[in-house]
Each structure stands twice: as structure tokens, then as C-alpha cells.
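Only one structure is covered here, and it is reproduced in the block below.
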Amino acid sequence: MTYSTLPKLCIRLGYVVVALATCNLGTTKSEAQTPNILYIMADDHAAHAISAYGSRLAQVAPTPNIDRLATEGAIFRNAFCTNSICSPSRACVLTGQYCHTNGAFDLDGRIEPGKQMLALEMRRAGYHTAMIGKWHLKEEPADFEYYCVLPGQGAYHNPEFRVRGEKPWGQNLVKYDGQHVTDAITDISLQWLRQGWDRSRPFFLMHHFKAPHDYFDNAPRYEDYLRAVSIPEPETLWTSHPLFGSIATRGDNDELIGHIGTSIGGRNPRRSYLADLPKMYPAEFPQDYDAKNLTDEENTRLAYNAYLKKFLRCVKGIDDNLGRLWTFLESVGQLDNTLIIYTADQGFMLGEHDYQDKRWMYEESQRMPLLMRYPKSVPAGLDVDAIVENVDFGPTMLDFAGLKTPATVQGKSFKSILESGKEPTDWKKEAYYRYWMHMAHHDNPAHLGIRTKTHKLIYYYGCNYDGGYQTPPAWELYDLASDPFETRNIVDEPQHSKLVSELKARLAQLRIDVGDDGSHFPDCEAIVQQFWDYDEMDRAAAVALSHAYRARREAELSAGKKNIRTWRGTE
């Protein structure tokens, strides 16, 4: 599909396309009063893969177009998702509600038309609304005036998109043959901005990339990018930190090391990048590659480099396409009149602790990149360490649009923090987290927790919604000030007992404050409560559960049963 065919298609589907020749490219009265809002969300783009955050990857894989938002606007250090998985995070942004309120607990998450709060409120404020790219919320994005969205995860190459049309939702498709999905999504947004946007109104555009969701597949033009580079490794890639984790993530005497958390190297026999990537990306491995001829360390290093290079090539495609968006907005005089937000649906483990994917409450997964530019009221170079959650994104956008936050919304606007650089005394002091999809896809046990500016307390309760398929429960506490890479679980160290009690009490109160009362899945909540105190009897039960889970998992693997859907009780 080409640029020229999209306007014709839009007319055929009932849209009024505003011809470029008749558009006023200047600032209208409406635009002068309220900013355009461009909300850009990548998929699985970890903050430490953005050079503005200054991580180990900053020098080898810079992201200049994303970094521009930090230089000319604000960068957030403590932005967190409340559930590190695709659909729930998107639902939290769209509704301003936590997962247990909006009902999008997992990958079956959906937000029905009529409840897509951001789209409805922005239209009420006079914005022209559009949703383009990855949607991943099952139901039609019907509350947007225009949409062009990928079916489910969508394809990296020759992508199809769902549009509004005469057929039922999901059956009106347009295909971009010969294109990479990152380029296609940007093409669609630029086409809508050129010829679909009603310039008598400010625009609200949600521009959602598929990349860099795994399994990563970059545009062919990036195949040589980083080819000769050895990607810097996290120290925690190598399992050399015996104080990291707990019986919940390691098992009794480390007996579950191979069964909790999918791996970069060969640690997890069910799923690892070492098993997957040589077949998927043979060009990233030696021609005569045979894992049996190399050491574990050599194999892990090869898999890690293949993983990171494919990931960073996808990131490079995003950054280059953002340059196209910035260029267009500058050319029509709208760059400084647009609130630009760049984020991702969550973070991503880039080899830390030998983990792949997200889902964890660990920093690399829970932390979201968040950069915002609006020079009319946001100071350039602002560095924000206030804790914000993805439920706060929607209220903040509404605030910039001059709207009050609806009563249904649980998040709060941080617009004043952006504009003043000061954190109000009554601003939240902690973030709430809960991952519900117990042992699904990437072997992550269900858990919840609290994250302050200095500490993180995680409670692995270890069961599915029905209270079944149990893994050993445990608590973990990390001092992020002294141990930012979370290598030492200090929860059982006597000198921290008072802190543990204090944080447990804060977590219990936070659950009440956000409304996670356990009524959604009472059998699951019974397990949460059973092991909350974690006395000697609970610890003994955890050891027994560790032994039982190891036996069960090994039996499943012996029987060839590798894919188990557990979060809704189906085993």
C-alpha cells in the first residue's frame, strides 16, 4: 500500500479527508488555546535502551531523536507500569485505572467502546482523535474518530491493519506490502496528519509502534547496524549473585533455577534464546555454529549478542521514524504547539539476571521510559524523580487539554510537576505493582509489591486465579539506593526487620487505597493472605511447594508438555 491509496480508502470508508491544498497549516484559534497531543508508545522498549538514560548501551546504540525530547523537555526517572505486560498496561493508560478496576488483568484484556476514556474525553474537549499502530485490546477502538490498528501483535513485515468499514470489526483490512511495520505505522500517522486531520481542531494522536516486541525483526536496511559491535553485558547476566532472589525465584537450594524465568543462555530447558535464536537468526551466529562445541558462557554470550542486536536494530528503526515525525511537525509549524510524549507499555529485561521478556517487578521490567516535550510550559532539560504510574498518564494529558479528570479515573495529573519542576508534598510516595499471569509463557510467578524511591518490596504469592498451580511463595526486599541492580535480597537480614514490617504495612494499605481487595479472584486472595505473615510454618510449606513444583515441571518436560496456560486456571 502506498501513500496515494490511503486517502481514497478513507473516503471509501466514510471519512472526510481534508485536502492538503485547502488546509491552513498555521495555528488556528483552537490550537493556540490547547496543544496538540502526540502520545507515542513503543512495545517493550526498556528505558535503559534509550541513550538519554545513560545506560551501558548509550554509547553503542544512541537514540538521538528520542533524546531530543529529554534535551528540550523532561525525562522521568521513576515512571512505572502497574503490571508489566502489553494489554494491561495499554488499558491502564486508556482508562486511568488499575487492572483490577478496568478488568484488563492479562493478555485477554479488553476495553469496550464507550469505556475508552481518553478517546471520549479528548473528543469532548474538541480534539480530533486517532489511534494508529498496535492496539492489542481485543475490542474495536471505536471511541476514536479514526483508527488503523494491527490485529493482535501484528506482523513485522507486510503488515495488515484493521480500519473502520462496512464489514464487522476486524474484517476491514488494509495491507502494506513490502514494508516494515515501523515504517508503515509512521506512514499512516503522517498521512493522517497531512490529509485526515481537521485543522480547525487540535489533534490527539496515539501513535503505537509494534517494535521492539520480540521476536525482534528489523527492517532489512538495519541488518549491518551493530554487526561488528560486541554489546556491553550486564554484570547480572551471569548467575553469580547468590543473594539475588528467593525461594520463589530460585527454589529450595536453587532447585528451580532452571524453571523460573526464561533465559538468555541454556539455564531454562523449556524456553531460552539460546534454543530459539540460532534457528531464527542464523546470520547472528557463526556459520559452523554448534552449541555442543562451546562452553555455557560462550553460548550465552552469542545468544545475548544476537538478542540485543536484533532488539537495538528495531529501536534504531523507531528512532529514525521519530525523526520523520519531528520533521513534519516542524515543517507545518506545529512542533512547539504539540505536547509530545514518548514511552513504552513497560520495560524489558535485556539479559539482566539471565532473564528475557518483561513481567517481573525488577527494575528493568517495571520501569517505563517517559520523556515529554512541550516548550510552551515544560522547561528544557527537566529531570524528574517523582514517582508516576501509567494510570497517571491519561489524567496528565487531560489536564493539558484543559479537562478535569473524570471520577472513574484513579490516576492523578502530574502536569504541575512538569511545569514547575517541583513535587507537591502530597504527591504519591510509592507505586503499586501486580503481575497476575502466573507461570504463563515466560515462567514468571504471580506477584505484587510496592516501590518507593529507595526500596522495593516484592511478594511472590505464586498461584493462578483459582489458587492453583502453586510455586513457592516468598518475599524480596531491595535497597535501590545501595543496590540499584537488585543483586541482594535483604528481606531476612535482622537489621532490616523494622523496615520490612513498615513496608508490608504500607503495601497492605496501598492495596486498600487502589482497590485491590482480592474480591476479583477470592481463591487467589486466600493464597495471598495465607503466606502474608511468612512465619516458620509458611516457610516450611514453601520448601514443600518448591519440591512439588520441581517434580511436576520435570514430569511435564519429560512428557513434552512445554506450553501451559495457567493464569485462568487452565493447565
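For segment 314-348, the set of residues classified as in a helix (DSSP H, G or I) and of a type in the set (S, T, N, Q) consists of 321, 327, 331, 337, listed by residue number.
Apart from one condition, residue 188 fits all of (1) aliphatic (A, V, I, L, M); (2) outside the structural domain of residue 274 (by TED's automatic domain parsing); (3) more than 25 Å from the chain's Cα centre (by Cα); the exception is (3). A count restricted to segment 281-295 and to residues that are surrounded by fewer than 14 Cβ atoms within 10 Å (Cβ to Cβ) and assigned to a helix (DSSP H, G or I) stands at 4. Of the listed requirements (1) outside the structural domain of residue 365 (by TED's automatic domain parsing); (2) under 30 Å from residue 395 (Cβ atoms), residue 204 misses just one: (1).
Taken over segment 538-566, the criterion of being more than 21 Å from residue 447 (Cβ to Cβ) and assigned to a helix (DSSP H, G or I) is satisfied by 551, 554, 555, 556, 557, 558. Candidates are the residues of segment 113-139 that are in a loop (DSSP other than H, G, I, E, B) and over 21 Å from the mean Cα position of the chain (by Cα); the one that is nearest to residue 194 (Cα to Cα) is 127. Quick one: count up the residues across segment 75-89 that are closer than 11 Å to residue 105 by Cα, over 8 Å from the mean Cα position of the chain (by Cα) and buried (at least 24 other Cβ atoms within 10 Å of the Cβ). Summing the residues that are closer than 11 Å to residue 105 by Cα, over 8 Å from the mean Cα position of the chain (by Cα) and buried (at least 24 other Cβ atoms within 10 Å of the Cβ) in segment 75-89 gives 3. Scanning segment 269-290 for residues that are under 22 Å from residue 352 (Cα atoms) and touching a Leu at 6+ places or on another chain (Cβ under 9 Å) gives 269, 270, 274, 277, 278, 284, 285. Quick check, is residue 315 over 30 Å from residue 199 (Cα atoms), surrounded by 14 or more Cβ atoms within 10 Å (Cβ to Cβ), touching a residue at least 24 places away in the same chain (Cβ under 8 Å) and of a type in the set (A, V, I, L, M, F, W, C)? Answer is yes for this residue.
What are the residues in segment 257-280 that are part of a loop (DSSP other than H, G, I, E, B) and surrounded by fewer than 19 Cβ atoms within 10 Å (Cβ to Cβ), if any? Those that are part of a loop (DSSP other than H, G, I, E, B) and surrounded by fewer than 19 Cβ atoms within 10 Å (Cβ to Cβ): 257, 266, 269, 270, 271. Of the residues making up segment 231-242, those that are touching a residue at least 60 places away in the same chain (Cβ under 8 Å) and either exposed (fewer than 11 other Cβ atoms within 10 Å of the Cβ) or in contact with a helix residue (DSSP H, G or I) (Cβ under 7 Å, 6 or more places away or on another chain) (or both) number 6.
Take the conditions under 23 Å from the mean Cα position of the chain (by Cα) and surrounded by fewer than 18 Cβ atoms within 10 Å (Cβ to Cβ) and apply them to residue 385. Does it pass?
Here the answer is yes, as residue 385 does meet what is asked.
Looking across 283, 275, 306, one residue alone is touching a Phe, Trp or Tyr at 6+ places or on another chain (Cβ under 6 Å) and on the phi < 0 side of the Ramachandran plot. It is 306.
So which residues in segment 355-372 are charged (D, E, K, R), buried (at least 24 other Cβ atoms within 10 Å of the Cβ) and not in a loop (DSSP other than H, G, I, E, B)?
364, 367
Filtered by the rule that a residue be closer than 20 Å to residue 210 by Cα and either surrounded by fewer than 24 Cβ atoms within 10 Å (Cβ to Cβ) or of a type in the set (A, V, I, L, M, F, W, C) (or both), segment 334-354 gives 340, 341, 343, 344, 348, 349, 350.
Residues are listed down the side, and each one gets a yes or a no for (1) in contact (Cβ under 8 Å) with a residue 40 or more places away in the chain; (2) in contact with a Lys or Arg (Cβ under 9 Å, 6 or more places away or on another chain):
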| position | (1), (2) |
| --- | --- |
| 136 | yes, yes |
| 155 | no, yes |
| 164 | yes, no |
| 168 | no, no |
| 177 | yes, no |
| 185 | yes, yes |
| 193 | yes, no |
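Confirm whether residue 211 is modelled with pLDDT of 95 or more, buried (at least 20 other Cβ atoms within 10 Å of the Cβ) and in a loop (DSSP other than H, G, I, E, B). For residue 211, the condition - modelled with pLDDT of 95 or more, buried (at least 20 other Cβ atoms within 10 Å of the Cβ) and in a loop (DSSP other than H, G, I, E, B) - is met.
Within segment 398-457, the residues that satisfy the criterion of being without any contact (Cβ under 8 Å) to a residue 40 or more places away in the chain and either touching a strand residue (DSSP E or B) at 6+ places or on another chain (Cβ under 7 Å) or not in a helix (DSSP H, G or I) (or both) are 404, 407, 412, 413, 414, 417, 422, 423, 424, 425, 426, 454.
The values are calculated or read from the model by the stated rules, or taken from the named source; none is laboratory data. Model, not experiment: these values are computed from the prediction. Cβ atoms come from the backbone with ideal geometry, glycine included; neighbour counts cover every protein chain shown.
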